[in-house]
Amino acid sequence: MRVKSPESLIAESGADLEGHGLKRTMGLFQLVCFGVGAIVGTGIFVGLSDTVAEAGPAVLVSFVLAGITCVFTAFSFAELGGAIPVSGSSYSFAYATLGERVAFLVGWCLLLEYGVSVSAVAVGWSQYLNELLDSLFGWQLPAALSAGPSDGGVVNLPAVVVLLMAATLLVRGVRESARATTAMAVLKIGILVAFCAIAFTAFQDHNLTPFLANGVGGVTSGASLAFFSYIGFDAITTAGEEVRDPRRNIPIAIMICIGVVTLLYCAVAVAAIGALGADAVGDKPAALSLVVDDVTHSTVGGGIIAFGAVVAIASVVLAVMYGQTRILMSMSRDGLIPRVFERVSPKTSTPVRGTWIVAVVFAVPAAFSSLDAVVNLTTIGTLAIMVAVNVSVVALRRSHPGLKRSFRVPLYPLSPVLGVAFCLYLIWGTGWTTWVQFAVFLAVGVLVYGVYGRKNSRLGATPRTGAAAEAARGA
């Protein structure tokens, strides 16, 4: 139950243990683009069909429910990100409030949100790459080389390639990665706006009826799936050590990203269903390209959408992999995982070795698994993290009431309580099979902490006296 004070976390983030610190190069606009880059991708370009299949036309309600869940939790992330502007995100927030064991399990769950999800995103990129090749040249990569065994192939090489490309860009430096992410974020928003403009020309009211085609249960299941489309907004807080004026910019960027993304998702969902019908959209994995092809009676528009999807999903791979390496770096600083992840290159000011390890490790599930196999597990892991973040806000208010906060959760404590309630509601919608898988995953995490993390913890090895010892006893 030992905790690390916010002051200690901030102090440690300012001086890397290897002697080479991260550089503050990202401004507000780049941070917003980074957030949009981390969010908008596979969930809307590929996962929309699964969400529509569950909820029907009421997918609009599913996206709003998922968005509301994110808004309440975003308030908590904004307060914590402004108060503790470090790279560890929810892991560091839990370490400062809920204790080391809970913090380790939060970091363990972040392997689902960032690591496993980046594999899923890479699989989605491979699907749209084939759509693009088909539109441009009339051929696709053979199934044996563009899909895993569960999807009728042998190995998904494009998914591996996009992970290695992202790693190559990340190790070159944060400034270069931020520029690339900004350009891709602007492009993907433009592509989705263009999609809406085209699809609404063929909008038909009767395609939205019956609205609750699959009942309230369908809306709940759809909201749990739709939540996957929002995963990544908290990646903004992983950039805490590389953002200029983080106490101001992190909360603002989170709020802007959630608002823009929710409006965009609702518009895309309504436009797609209105143009083609819920049954048709729910039956097609690359639904947006096919909607445009159907409306324009040409493959040119669908090719443009496919190109936008390839760019959009690549930017998600880039942003999410960035977040994973920064979280592992924070855990490594604390001794809970091997030290290789904390080492920062003096030449590029990036964790080069950690980035390549992440790319290689998560290239394996990307090469051999399907998108459907990991979506629900990623979702429940992320929701569990968000429960911890909402609880952390309450705990930090109680333990450090005088801590400087650039943003405060509105309607406290109602807002974090509602955040927890909405997260638990969506967890319920993932189904019992996912609950069992997640329970096994957590059990493995507890075992890893007991065998390695607890023994190698630097906080545990540090003699605690005075106020620190008193705080540990109180926790």
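No lab work stands behind these numbers, since they all come straight from the coordinates. Computed from a prediction, not measured in an experiment: that's the story for all the values here. Ideal geometry is used to build each Cβ from the backbone, glycine not excepted, and the neighbour counts take in all protein chains shown.
Below, the figures for the structure above:
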| quantity | calculated |
| --- | --- |
| Which of Ser315, Ser221 has the fewest Cβ neighbours within 10 Å, and the rest in rising order | Ser221, Ser315 |
| Assigned charges on the beta-carbon of Lys, Arg, Asp, Glu; the chain dipole about Cα centre (debye) | 2140 |
| At 1.567 mPa s and 4 °C, Stokes D of the stretch 129-225 from Kirkwood alpha-carbon radius, µm² per second | 73 |
| Pairs of lysines in the chain (C-alpha under 29 Å apart; 8 or more residues apart or interchain) | 7 |
| Using alpha-carbon coordinates, inclination of helix 157-172 to the longest axis of the chain, degrees | 40 |
| Proxy reagent accessibility, fewest Cβ within 10 Å first, across Asp334, Asp205, Asp245 | Asp205, Asp245, Asp334 |
| Signed unit charges on C-beta, dipole axis of the chain, positive-most listed residue Phe45, Ala147, Leu9 | Leu9 |
| Dipole of the chain, positive end: most advanced residue of Ser406, Leu264, Leu157 [Cβ charges, Cα centre] | Ser406 |
| Mean ellipticity per residue at 222 nm, deg cm²/dmol - from DSSP H runs of n ≥ 4 across the chain, formula -39500 (n - 2.57) | -22500 deg cm²/dmol |
| Leu225, Leu145 arranged by Cβ crowding within 10 Å, fewest neighbours leading | Leu145, Leu225 |
| Solvent-free Debye scattering, log10 I(q)/I(0), computed from the Cα coordinates of the chain at q = 0.07, 0.08 Å⁻¹ | -0.33, -0.44 |
